[in-house]
Amino acid sequence: MENQRTQVTCEVFGTLANGSQVSSYTLKSSAVELRLITYGARVVELKTADRHGKIHDVALGFGTLEPYVEARNGFLGVMVGRFANRIAKGQFPLAGRTVQTTINNGPNMLHGGTDGFDRRNWEAAVVPDGVEFTLLSPDGDQGFPGNLKVRVRYTLHGNVVRMASSAASDQTTVVNLTNHTYFNLDGEASGTILDEQLTLEADAYTPVSSAEAIPTGEIAAVEGTPFDFRQPTRIGARIEEPNQQLTYGRGYDHNWVVRGNMGELRPAAKLYAPASGRVLRVETTEPGIQFYSGNFLDGTLVGKSGVPYVQRGGLCLETQRFPDTPNHANFPSAELKPGEEYSSVTTWTFQIE
């Protein structure tokens, strides 16, 4: 059992054009070292040992602030919001009216709009075993109603990273927060993730209607499809199959329906890298998990090791409400009313096999 208190240290990471300082916080236990920055409340480093005891950074990212400010389509490591993933045409019905958000992904909204939470320099405070980031998103921010107060607390206990998000609004609104870290369990500069093995605790997924990746509203069985990850499966095994859904996403970029009850912390995913022996287990209270196989990485982003991030050089496992949820009455609701609290917990547990 890990009894040692996690060490938390803080230093300056950089300065934004408006003069505000971006700080970094490093959480260190006997098993994991996690570095976060206030710009986007994001993960910039995540170091853990392989089966030979060698430490590598398994999260894609940059060593300086400038690429995070400039790389507007990567979302590397960020806590995205107000609404993670996509909303069709940035429009949805809410409390008797139609809300229109900003548009930043073709005709649709992605990860909060043109100036989402990834572009904000959050407030931060050290808490036991971690750091808590806070943000006030004003009424009308990116078109979303309500003054929204958001808290995201990252803590580290031994080999477990815990992310607890909460939010409250003074008007009825929608909220969907997730972390968008790209993982490569063999190391962030080690090539593709195609040989890593993925298990998803999901019997169904939400197909999309086109390359715009908007769900059709159907909840479809994974049985007999390339989306069946109920048993450990090499990511590259079926990714090039002639399947219309894979063609739309240029690979995997879909939402899976996590077994069990929303609100209960339960297993969602297991990722295993045979070469290094590293294992990542994801548990969440969320109803869905987006597996994105890094299809749009193209070598233009050069990471902290000086190595370009090639296509499928990292993958995301984004715990979430379903994409485009406000437009689908059969999807678990993302509505938040005054007096209620949005609450979401996700954990990452690192092991060796």
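Some notes on this structure:
- Test set (1) surrounded by 21 or more Cβ atoms within 10 Å (Cβ to Cβ); (2) part of a loop (DSSP other than H, G, I, E, B) - residue 171 fails condition number: (1)
- Residue list for the stretch 1-59, filter: hydrophobic (A, V, I, L, M, F, W, C), assigned to a loop (DSSP other than H, G, I, E, B) and either modelled with pLDDT under 95 or closer than 20 Å to residue 128 by Cα (or both): 1, 31, 41
- Residue that is nearest to residue 193 (Cα to Cα) [pool: residues in the stretch 43-92 that are of a type in the set (Lys, Arg) and buried (at least 16 other Cβ atoms within 10 Å of the Cβ)]: 47
- Members of the stretch 178-197 found to be of a type in the set (A, V, I, L, M, F, W, C), surrounded by fewer than 22 Cβ atoms within 10 Å (Cβ to Cβ) and either outside any loop (DSSP other than H, G, I, E, B) or in contact with a helix residue (DSSP H, G or I) (Cβ under 6 Å, 6 or more places away or on another chain) (or both), listed by number: 194
- Elements of type strands (runs of 3 or more DSSP E) in the stretch 91-132, at least 3 residues being out of contact with any strand residue (DSSP E or B) (no Cβ under 6 Å at 6 or more places or on another chain) and either among the basic types (Lys, Arg) or free of Cβ contacts under 8 Å to residues at least 12 places away in the same chain (or both): none
- Of the criteria (1) surrounded by 14 or more Cβ atoms within 10 Å (Cβ to Cβ); (2) without any contact (Cβ under 8 Å) to a residue 12 or more places away in the chain; (3) not aromatic (Phe, Trp, Tyr), which one residue 238 fails: (2)
- Meets criteria (among the acidic types (Asp, Glu), touching a Leu at 6+ places or on another chain (Cβ under 9 Å) and either surrounded by fewer than 22 Cβ atoms within 10 Å (Cβ to Cβ) or at negative phi (or both)) for residue 139: yes
- Selection count where residues are charged (D, E, K, R) and part of a strand (DSSP E or B), scope the stretch 331-353: 1
- Pairing residues of the stretch 334-346 that are closer than 17 Å to residue 93 by Cα with residues that are surrounded by fewer than 13 Cβ atoms within 10 Å (Cβ to Cβ), at Cβ distances under 9 Å and at least 6 apart in sequence or on separate chains, gives 335/95; 337/95.
- Residues that are farther than 17 Å from residue 156 by Cα, in contact (Cβ under 8 Å) with a residue 24 or more places away in the chain and over 22 Å from the mean Cα position of the chain (by Cα) do not occur anywhere in the stretch 22-42.
- Filter result (in a strand (DSSP E or B) and over 18 Å from the mean Cα position of the chain (by Cα)) within the stretch 203-216: 203, 204, 208, 215
- Scanning the stretch 110-136 for residues that are surrounded by fewer than 21 Cβ atoms within 10 Å (Cβ to Cβ) and among the charged types (D, E, K, R) turns up 115, 119, 123, 129, 132.
- Candidate set from the stretch 254-306 (those that are of a type in the set (S, T, N, Q) and over 20 Å from residue 319 (Cβ atoms)); member that is surrounded by the fewest Cβ atoms within 10 Å (Cβ to Cβ): 300
The values are calculated or read from the model by the stated rules, or taken from the named source; none is laboratory data. Here the structure is a predicted model, which is why all the values come from computation and not from measurement. Because the Cβ atoms are built from the backbone with ideal geometry, glycine has one as well, and the counts that use them run over all protein chains shown.
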